[in-house]
Each structure stands twice: as C-alpha cells, then as structure tokens.
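Below: the structure, in structure tokens.
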Amino acid sequence: MRRRAAGTLCAGLALLAACAASPEEHPGDADGRAPATGHPSAEGRGHLPPVVDHVPTREPVVFLTYDDGAERDPLFVGLVRERRLPVSLFLTDSVVGPGYAHFARLRAVGASLQNHTLDHPALRGLPYAGQRAEICGQQHKLHSRFGVRPRLFRPPYGTYDTTTLRAAADCGIRAVVLWRVSLDGDGELDYRRGEPRLRPGDIVSLPSGDTDSLTLAERTRRLLREIDTRGLRVGRLEDHVENVPETAPESAPEAASENTPEAASASAPERAPGRRAAGN
C-alpha cells in the first residue's frame, strides 16, 4: 500500500511540475495558429533569421526578386518559361487581390512564391502581435492557396527591427531578404551600396507592375542582357540563403534599410496600388 501511495504521489507531483513549467500562452499563438512545424520559437533557439541583400557565393549567379504582386503581364509568364528563370516573387495579399491564378501559372513554370505580408505596412516599431499577424497571416494565405510555406520574407519598404526578426522566425521564415541592386521603371540599375556593377551573389529587386515606358517582361529582358554580358546567370535564391548563418539576437540591428519607417509611412499614401518603388 505504501509503495502504491508513493507512486501515486510522485505521479501527481510530476504532473504539477509539468504544468508549472508550461507557459499559459506561447507568443507563437498570438493569432490563434501555432508556429510552423519544425521551426521553434526564436526565443527558444536563441537565434534569428539572417538578413541578406547579397549572398556570398563563388557561383556566377545573381537573384531576381519581384515584390507585391501588382503585375499581370502575360508575356512575363512566357519569359520565365522560355528562359527557365528561377525568380522569387514576394507577394502581398492585399495587392494580389483576385490575381492569385496568375501567380499559380508563374509557379507552374518555375517561380517561387515568398512572403511580403498581408497588407504591406512598415513593420519597424509595430508590436510583436501586429508584426506576427502580418507575416504569419500571409504564410497562412499562401499555404491555403498553394500548399507552400515560404521560407523567405521581405519586409515592406525594407524596414524592420529585432521584433520583425523574432516574429518572422516564429512564422517559419528562414531568411529576411533585402536587395543590393534595383531596376527602375526605365530599365536602369540602381545600387544601394558597394561598387556600381552586378556581382555574383547580388539580389536584384524589380518594380512590380508595368510602367509608362517598359513592361515587366521588357525590363526583365533588358536586365537579362546585362546579366549575360557580365558572364552571370540567374540562380535560385532559396538554394543559397539556406547556408547563410543565423543572426544572434544581441547583434541583430534595429533596421537595415536606407528607407526609414517615417519616410515609408509618409510616402506610402502617395503611391497608387501597384506603383510602389522597386524593392518595396
């Protein structure tokens, strides 16, 4: 009898200890969904996803990225198919609207679909719950429509803080992607930092939507000629950022963009939907 009572007491104490060790609410449950399977909380693993605008590589590759999802150029689909371009599309749900079928066609010819938030807010300075809702919400949208869980995330306007990185990690993001080079509406390259020429490992951002001068397919073809001239080719971004080291929380910057959140907030209302600047 004493042994049975002692066993019952030990089991009861173990249950109480387990309950005491479990938090009442995990930060990953703020929007009612658990963190993505296989990606523990950033606080639990002690590291944050890397922030990259250039990938160290010896391969002669550059990476083409497109933001928002405002463009509907059917010739762009044909170009991606024709050249077998492994482009990365960072989609915003409120911009894509009813156009997800267009991006299903792009995905079918080799494009990858990545996360650019639900509503395109400047995230820096927002509370964790709000940032997590924007990032995890778009993860949920893309998973429900395409069955994919993006590993890459681009913060709107390129602005972010440590809270962004924690929220992104808790939503299953493996890397936060900025850009070193952008292509303007006239097909000219702009360099945010470093030498003004395409280099292996460069991440290039192209503006979303057609401009008054060149369509998206025309701008991309012009860029491809420059890439060919440099002896480079287009690489698949996801295959390269997996090897970039994670960011330690204590060393994570508060922002890594020339665009301040104040500037982003001030300029956002002036931009018509689908006409945001490159890389935004």
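For this structure, a couple of remarks:
- DSSP bridge pairs, the stretch 93-239: antiparallel proportion in percent, nearest 5: 40 percent
- Sequence-separation-based contact order of the stretch 43-168, relative, with Cα cut under 8 Å and 6+ spacing, percent: 24 percent
- In angstrom, the C-alpha Rg and Dmax of the stretch 53-104 are 13.1, 40.
- Qualifying chymotrypsin sites (Phe, Trp or Tyr not before Pro) in the stretch 82-111, where qualification requires a DSSP coil assignment and no more than 12 other C-beta atoms within 10 Å, are lacking entirely.
- Annotation note: trypsin sites (Lys or Arg not before Pro) in the stretch 177-238 located in DSSP loop regions with a Cβ neighbour count of at most 13 within 10 Å are 193, 197.
- With N counted as the residues of the stretch 107-239, its alpha-carbon radius of gyration over 2.2 N^0.38 Å works out to 1.14.
- Extension gain from residue 59 to residue 84, taking 0.36 nm per residue of separation minus the Cα-Cα distance: 7.2 nm
Values in this text are rule-based calculations from the coordinates and carry no lab data. Bear in mind that the values here come from a model prediction, so they are computed numbers and not experimental data. Note that we place each Cβ from the backbone using ideal geometry, even for glycine, and neighbour counts take in every protein chain shown.
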